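Some notes on the structure that comes next.
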Amino acid sequence: MTNIVILTGAGISAESGLGTFRDADGLWAKHNIEDVATPEGFARNPQLVVDFYNMRRAEAQKAQANAAHIALAELETRHNGAVTLITQNVDDLHEKGGMQNVLHMHGQLNSALCSSCDHRWPVAQDMQVGQICRDCGAPTARPDIVWFGEMPYGMERIETALSRADIFAAIGTSGNVYPAAGFVQMAKAYGAHTIELNLEPSAVVSQFDETRFGKASETVPAWVRDLLQT
Ligand code: BV8
């Protein structure tokens, strides 16, 4: 019974047409991180930030899961040990691909958060600046996204899963953002076999026991086939 922990990043959604962050034509090439992915940026110009996430929510809604998302859902169904999927992605393509349990450590486009009372509720349409909280009625709704300088979600569950991992895989992430980029080190310290599946070497590639380079829609189904045959 092997426990598998998987961390995904924007690269797994690239072939579904969603932009990554740090590729040449990525989101950070068109937007300033400080302006759209920090609490200070939101305080400075909430309309810019709300528009940025409205645009990404609309794009994600039109996007379809690709073979990589679908392969991971098959692994979750057929693997006889635990499969813990942690994603840095805020889209719902893992869910669209059939994954039952997804830990969105950086939040989700389809969720709103009230800055006053911490209430969360599903959103499918555009959000507005000063949107009213469905619970406390204050005009303090914001996108339910973890910005830089904010605590990622689920860290205790993540650390527990990493401490029990026999296999840790990072898929489609450049390894630039912490604490996610540090998970491989934690898993390794607990004795996990670590593998990176990416289009090109990440910033933390040297910490992996195994690497498989290529497009996620090809490397992930092949890796899942290998796992399910063992
Ligand atoms: C925190 C919002 C503390 C959601 C995001 C100095 C040193 C170390 C750390 C820090 C530091 N200074 C500041 C920090 C902390 C900071 C950080 O790490 N900064 C970095 C930039 C240095 N981290 C934080 O602030 C985090 N919080 O530390 O809190 C704390 C403690 C106590 C109490 C309070 C607070 C919060 C981090 C979350 C920030 N939010 N985004 C959104 O808008 O989506 S991060 C952003 O980057 C996204 O979430 C994204 O998921 C994440 C990682 O990017 P990737 O997914 O890796 O995407 P990227 O484009 O970079 O790479 C894509 C990869 O895919 C590439 O490798 C490419 O080759 C590959 N690829 C492309 N196509 C394909 C492919 N692979 C396969 N197939 C393909 N077809």
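Charges were assigned to the Cβ only: +1 to each Lys and Arg, -1 to each Asp and Glu. The resulting dipole of the chain about its Cα centre is roughly 220 debye.
When restricted to Cα atoms, the chain yields an Rg and a Dmax of 17.6, 54 Å, respectively.
For the chain, adding -39500 (n - 2.57) for each run of n ≥ 4 DSSP H residues and dividing by the number of residues yields -9500 deg cm²/dmol at 222 nm. Over the C-alpha trace of region 81-177, radius of gyration and Dmax come out as 15.3, 46 angstrom. Within the straight-line cut-off of under 29 Å between alpha carbons, the lysines reachable from Lys62 are Lys30, Lys96, Lys215, sequence neighbours fewer than 8 places apart in one chain being disregarded. The order of the peptides 183-193, 67-77 by mean Cβ neighbours within 10 Å, most packed first, is 67-77, 183-193.
Take the chain with all the other protein chains still there, run a 1.4 Å probe, and you get 47 Å² of accessible area per residue. For the chain, with all protein chains in place and a probe radius of 1.4 Å, 50% of the accessible heavy-atom surface sits on carbon or sulfur.
Once each part is reduced to its C-alpha centroid, what is the distance from region 195-230 to region 43-71 in angstrom? Between the Cα centre of region 195-230 and that of region 43-71, the gap is 25 Å.
The values are calculated or read from the model by the stated rules, or taken from the named source; none is laboratory data. Note that the coordinates shown come from a computational prediction; the quantities given were computed from them, not determined experimentally. Glycine also receives a Cβ, built like all others from the backbone with ideal geometry; neighbour counts cover every protein chain displayed. For the accessible areas, the whole protein counts, side chains as well, though only heavy atoms, and no ligand, DNA or RNA atoms are used. Shrake-Rupley method; radii C 1.70, N 1.55, O 1.52, S 1.80 Å.
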